[in-house]
Every structure is written in structure tokens, then in C-alpha cells.
Amino acid sequence: MQANMQDTARLHYRSSPHLTDPDHVIDFPSLEDAVAFAMTQNPGNRELAWADTASGRKLRPTEIAALWELRRE
């Protein structure tokens, strides 16, 4: 998976994977910060976090989890 962890990112929380509009949006100065937040916080009891990167890539919850695991190695 290719992602620049220092690029800005926007984290979206959705209560269902089928909703088009996010329930909660948070901007982060880096993808690394967004991934850490998604994996350690649960605002509003939302279970599904998605991320938009500065390059326009949309990361699914499984991709966020994979980046978290790579970061910890």
C-alpha cells in the first residue's frame, strides 16, 4: 500500500458502510495522525472510519487498519 503518511487527511465516520454522507468529519495535519485517531478513538460510537488523503485517495477501514499495523512494526 502506497500512502504518504505526512500528507494531510480527512477522516470520516459512518454508522453504516452504505451511507454516502459521513456522520462525522475530522481534518488532520497528517495521514499518520488520522490513522492513529481512527484506531484509538471512537467518537459518537461510530465504528466505520474512512479517510481521504491529500492526493484524493479514499482509504477503506481495512486499509486504515493495515496502515496502523505497518506503523507499529
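The values are calculated or read from the model by the stated rules, or taken from the named source; none is laboratory data. Note that the coordinates shown come from a computational prediction; the quantities given were computed from them, not determined experimentally. A quick note on method: Cβ atoms are made from the backbone with ideal geometry, for glycine too, and the neighbour counts reach across all protein chains shown.
How many residues are surrounded by 13 or more Cβ atoms within 10 Å (Cβ to Cβ) and among the small types (G, A, S) when one looks only at region 53-73?
The qualifying residues number 3.
How many residues are over 16 Å from D7 (Cβ atoms) and at pLDDT below 90 if we restrict to region 62-73?
Total meeting the criteria: 2.
Hey, could you check region 1-56 for residues that are in a loop (DSSP other than H, G, I, E, B) and of a type in the set (A, V, I, L, M) and say which is modelled with the highest pLDDT?
A54
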